[in-house]
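Participant: Dropping the structure in here first, questions after.
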Amino acid sequence: MIDWAVRVIVVGLGYCCAVFIAVWVSLLVLDSPWSVVSVRHASDWRLTFLPALMVTFVTALPGFLLALLFSTAMWQPNWLYFSLAGLVNVMLAIWLFSFSGRLFGNTAETINFALHCMPGGFLGGLTFWLVAYRLEKGPQERSS
């Protein structure tokens, strides 16, 4: 029972860290000089980071749970699995967010927005793997 509770806490912490990193990296990319997407207040992190964090936490959760479900069927999921799952989850999260009606008016801008968020999704998936799988093991298990 204790092992199960610890595992749930570690997975929850991994998800929170993954969302934090994904939003941070996505906002860095969206605020970069080469970005073609105009996001209102992207350069003012105080106005953007917390709402983006809350929206991402909710909209990325279904895809995360689906990736977690598939990972239990795998013998030993690796960093690439979770990184690619984070990439795919960007599309799912933006699709879910589009139901709020707060996304761009046309499909091309939405796709551009998703492409700008993909590095964040990839690094968010990698962060989850680092926290929930890699760092959970002791040094003696990591070397084998």
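Participant: Can you say whether Y133 is modelled with pLDDT under 90, more than 14 Å from V55 (Cβ to Cβ) and either in a loop (DSSP other than H, G, I, E, B) or open to solvent by less than 60 Å² (accessible area, probe 1.4 Å) (or both), as far as the supplied structure shows?
Facilitator: For Y133, the condition - modelled with pLDDT under 90, more than 14 Å from V55 (Cβ to Cβ) and either in a loop (DSSP other than H, G, I, E, B) or open to solvent by less than 60 Å² (accessible area, probe 1.4 Å) (or both) - is met.
Participant: What's the total number of residues in the range 19-34 that are out of contact with any Leu (no Cβ under 8 Å at 6 or more places or on another chain) and at pLDDT 85 or above?
Facilitator: 5
Participant: Any idea which residue in the range 35-83 is surrounded by the most Cβ atoms within 10 Å (Cβ to Cβ), counting only those that are assigned to a helix (DSSP H, G or I) and modelled with pLDDT under 80?
Facilitator: Result: W45.
Participant: Anything in the range 96-128 that is part of a loop (DSSP other than H, G, I, E, B) and either modelled with pLDDT of 95 or more or aliphatic (A, V, I, L, M) (or both)? List them, or say none.
Facilitator: Once the filter is applied, which keeps residues that are part of a loop (DSSP other than H, G, I, E, B) and either modelled with pLDDT of 95 or more or aliphatic (A, V, I, L, M) (or both), the range 96-128 yields only L103.
Participant: Restricting to the range 1-25, count the residues that are surrounded by 16 or more Cβ atoms within 10 Å (Cβ to Cβ) and not aromatic (F, W, Y).
Facilitator: The number of residues fulfilling the criteria is 9.
The values are calculated or read from the model by the stated rules, or taken from the named source; none is laboratory data. These numbers come from a predicted model, not from an experiment. A quick note on method: Cβ atoms are made from the backbone with ideal geometry, for glycine too, and the neighbour counts reach across all protein chains shown. Ligands, DNA and RNA are stripped out before the accessible areas are found, and what is left, the full protein with its side chains, is counted by its heavy atoms. Shrake-Rupley method; radii C 1.70, N 1.55, O 1.52, S 1.80 Å.
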